[in-house]
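The values are calculated or read from the model by the stated rules, or taken from the named source; none is laboratory data. If you're wondering where the values come from, they're calculated on a predicted model, not measured in any experiment. Here the Cβ is made from the backbone with ideal geometry for all residues, glycine too, and neighbour counts use every protein chain on show. Accessible surface areas use protein heavy atoms only, side chains included; no ligands, DNA or RNA. Shrake-Rupley method; radii C 1.70, N 1.55, O 1.52, S 1.80 Å.
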Amino acid sequence: MANVLPKLSPPLVHYFEDCVGCAACAPSCPYYYVDHKYAPVDKAEFLRQMLRSKYTLAGKLLGRVVGAKIPRTDAEWWEVMQYAYRCADCGHCYTTCPFGIDSGAMVRRLREALYNAGYAPPVLNELNRLEKSGEYVTRSKGLWEDFVKSAGVPVGKKGARVLLMVTLIDLLLSRDVVLNAVKILRAAGEDFTLPERPLGVAPPLGAVVGDRESLRAVVSDIISYMEGLSPQYVVLISGCYQYPYFRFEATDVLKRKFGFKVLHISELLYEYLKAGRLKLKKLGTSATLHDSCQLARRGGVVKEPREVLKAVVNYIEPKHGGLEAMCLGGGAGIALLAKDVREAIGKALGISAKLDVREEKFVEELEGDYGKASRKGVDELKKTGAEVVVATCPLALAALRASGLNAEHFVNVVASAVE
Amino acid sequence: MSDILDFSLEVLFPVALVIFVAGAAYRVLKYVFTFRRGVYVNRPTGWGYRIWRLVDSFLHPVIFNLKTKPLELLNGFLFFHILGVILLIFLLAQHIAYIEKIIPFYGLLWPLAIPLSSSTGALTVTSPVGNIKFVNSIWGPLTLLLNGDFLTIFAVIGVFYKVIEKTIEKIKGARHVRSGDLLIWPLLFVIIVTGWLTAHHVASDMTGYRLLLGLHIASAALFVVVWPFTKYFHFIWGYWFGKLYEWYNLTLRRGV
Ligand code: SF4
Ligand code: SF4
């Protein structure tokens, strides 16, 4: 079983050996408020237990006495899965740990151990399979053609300045947002193109379920496609985990630099504003921003969406924004497991949504916990008194709306202010 | 070698230092041998921002902890780490006198020396005959608080708080209370108590005094031995590496 575990690297050695167990990280986690047993340190500890078994002499000789343990039974692995999927990889515990221990990164590695041992939530597993094999392209052909027709813009144009990255999730959950992004780019007189096919389901799903081979294959496939079109900028609409992966990690996954720059659409719009390329009118509404953990805390895109919003609404800053953003708990694939989302994707891709009893229970409980986890963040946004809560990620948007907030996608708000 | 004091000073401590150096090298070299060069492209940021982020990465956990777990910050960080341990280990006059014997320039810290109690500035280790040193430090009236007795109380409160907190958490089933904790907290307690008893000359005869001081130094030697292999290493390495790496990873590598 030991070969299911990741190899050591300097950060992993640090996360593994240097946690003092002070639990200062605990209150930063949205799932800690669901149940204290989901404190970041305690989730990461499952991986530490496994690493002790593999990499320490004491662990090999004394086993559980020194906290070294690799799950043996199916029930034990399922228990680990329950913990590993109570982490949105939001990075909040990383910056609040006095030692800079990234428990979210540990949970990512824990999911790898789980995947290597044959464990992943069935829905995510199937989506990963479709993404890895490329089968999602054929399955979504009709949907894509229909979308491209309605967008009425160049597709697969070589040498366009901007390539708008559209994933299947963008299309399924927020087709209006993609079309509004197109509207804004047109209004700015941008030379842009859409891809000829969706670029991943919600790439890289391999990173979500812990399938490193898939992560590499999917990133490689999407980057080669992008390079084939040789744009100057690849612009992402989603503010979710695609941003850190394609902006920062893809070069390391493929071990080379690319000929284009990756931007979030808010960064591009901010450039337009500075250059006077986009005329926006004031909408007269008050709005606050729900920062996406991946875009803001793990990506550093904090100023740009704010500056753009300030040009169109009366902007109210939430109590904890930017690098201290409150996580809603849906990142790292959790929001994809919510019933409505799951069913919408399942229907579009022709996946049977049938789960066995244990899987059903797992997904249902997780969905319930996800709802509870988002409460703190939602309440804080409510307290701003803003008429609209703006979000940069379709999944966060769904969670905000489900909590009764009047929420709108960043791109849609800007599009409605285009003169 | 007549007693435990001589044995601790002449044998245990040097051996402990050798084990410490070997253990520390082993821990640190792991980072070197598992290193692999990455390929990264960051968002551009200015140096002013980068430096602010460096300061903030050290400051942020303290502020967050103050808001979310004030009791923990007070006991665990302020009483225990700052007042109880760091000041006591490095600035107690007796300790300066001892370390100065091994590392002569450590004597430069004399102006910061902390006396044993608020009522005496005289060093018990060097008194009563010859070469009496007085703790004539910059602390002035602050020695009412900044003295060995008070700081020992803080350290003991800190240790007890930690032991009780860990025990409660363990009973509740927290996974992060580890077997190593069982070793290090009692050890710290023994070091503090034997140190306090020695410094106050609780044993009335010379044999008793040498026994207590011997035990104090022996337990300190044990501390030095386990230092690189337990969470105590955070003081030397984990804390600094962790925060600096976080800064490198987020701010320099990504531009956050
Ligand atoms: S991860 Fe950091 S904050 Fe959390 S228990 Fe470990 S050392 Fe403390
Ligand atoms: S990354 Fe976020 S969700 Fe995951 S353990 Fe840390 S605080 Fe919790």
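Okay, here's what the table says:
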read-out	value
Exposure rank, largest accessible area first [B:47, A:77; 1.4 Å]	B:47, A:77
Residue-normalised accessible area of segment B:1-130, given per residue in Å² at a 1.4 Å probe	57
Karplus-derived HN-Hα couplings along segment B:166-172 (A = 6.51, B = -1.76, C = 1.60, θ = phi - 60°), whole Hz, x at Gly and Pro	5, 5, 4, 4, 4, 4, 6
For chain B, the longest site-free run once trypsin sites (Lys or Arg not before Pro) in DSSP loop states with at most 11 other Cβ atoms within 10 Å are removed	B:38-256
Student exercise, segment B:138-193 dipole from Lys, Arg, Asp, Glu Cβ charges, in Debye to nearest 20	320
Under-5 Å amide H pairs with residue A:199, H placed in peptide plane, nonlocal only	A:166, A:167, A:168
Listed residues B:93, B:22, B:220, most fluctuating in chain B (Gaussian network, C-alpha, under 10 Å)	B:22
Kyte-Doolittle mean at least -1.0, axial Cα span of 20 Å or more - DSSP H helices of chain A	A:40-55, A:168-187, A:212-229
Nearest-20 debye value, chain A charge dipole, Cβ charges on Lys, Arg, Asp, Glu	620
Sequence-distant residues sharing a close amide H with residue A:261 (under 5 Å, placed H)	A:233, A:234
Chain B, relative contact order [Cα under 8 Å, separation at least 6], %	31
Taking segment A:1-125 and dividing mean pair separation by its residue count, relative contact order in percent (alpha carbons under 8 Å, at least six apart)	32
Loop trypsin sites (Lys or Arg not before Pro), segment A:23-121, which have at most 14 other Cβ atoms in a 10 Å radius of their Cβ (DSSP)	A:72
Loop-located GluC sites (Glu not before Pro) in segment A:178-253 whose Cβ has at most 16 other Cβ within 10 Å (DSSP)	A:196
Cα-derived Rg to Rh of segment A:123-277, Kirkwood definition	0.95
Above-threshold pairs, the threshold being 26 Å between Cα atoms, out of A:303/A:339; A:69/B:30; A:69/A:132; B:69/B:166; A:43/B:67; A:157/A:257	A:303/A:339; A:69/A:132
Average accessible area per residue (Å²) across segment A:31-84 - probe 1.4 Å, nucleic acids and ligands excluded	42
Long-range amide H partners of residue A:407 with built H, under 5 Å	A:389
Cα-centre dipole for segment A:226-345 with unit charges at Cβ (Lys and Arg positive, Asp and Glu negative), debye to 20	320
Given charges at Cβ of Lys, Arg, Asp, Glu: segment B:11-64 dipole, positive-most of B:60, B:29, B:14	B:29
Sites residue B:202 and residue A:279, calculated FRET efficiency, Cβ-Cβ separation with R0 60 Å, nearest 0.05	0.15
Viscosity 0.890 mPa s, temperature 25 °C, Stokes-Einstein D of segment B:1-127 from Kirkwood C-alpha radius, µm²/s	125
Sulfur and carbon atoms: percent of accessible area, segment B:1-92 [1.4 Å]	78
Rg and Dmax [Cα atoms of chain A; Å; Rg one decimal, Dmax integer]	21.3, 71
